[in-house]
Amino acid sequence: MATPSLLPPDVESMDAEDVLRWAHAEFGDKLCLTCSWQKQSSVLVHMVSELRLDLPVIELDTHLFFRETYETRDKLVERYGLTLQRPPLITVAEQHRQEGP
């Protein structure tokens, strides 16, 4: 996450599209969009597409989503032509063993 000193001084008055444009210009290929397919993911995918920002989309999937969440993801992938990147998944049991209860 960007530290406050990295943010533009007028960030509070910027609209979401301007923040996305600024972040893309500032961070370039280090910027990505993470999605767990909730409402904000749908909005951000749409905005990034409208702005024609070429950002990698990283899916944060616990494999515990509701069926409707996967349906939303599939519709967004089809509509916006997304190519998803998925970090290696560990099961809930593996996470419990590694991180504790």
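The residue pairs whose first member lies in segment 50-73 and is in a helix (DSSP H, G or I), whose second member is modelled with pLDDT under 95 and surrounded by fewer than 12 Cβ atoms within 10 Å (Cβ to Cβ), and whose beta carbons are closer than 9 Å, counting only pairs six or more residues apart or on different chains, are T69/Q38; T72/Q38. Scanning segment 3-35 for residues that are touching a helix residue (DSSP H, G or I) at 6+ places or on another chain (Cβ under 8 Å) and part of a loop (DSSP other than H, G, I, E, B) turns up P8, M14, L31. Within segment 24-32, not a single residue is surrounded by 11 or more Cβ atoms within 10 Å (Cβ to Cβ) and under 15 Å from V77 (Cα atoms).
Sort through L60, L33, L84 and tell me the only one that's modelled with pLDDT of 95 or more and either on the phi > 0 side of the Ramachandran plot or in contact with a strand residue (DSSP E or B) (Cβ under 8 Å, 6 or more places away or on another chain) (or both).
Result: L33 is the single residue among L60, L33, L84 that is modelled with pLDDT of 95 or more and either on the phi > 0 side of the Ramachandran plot or in contact with a strand residue (DSSP E or B) (Cβ under 8 Å, 6 or more places away or on another chain) (or both).
The values are calculated or read from the model by the stated rules, or taken from the named source; none is laboratory data. Note that this is a predicted model, so its numbers are computed, not measured. Glycine gets a Cβ as well: all are built from the backbone with ideal geometry, and neighbour counts include every protein chain shown.
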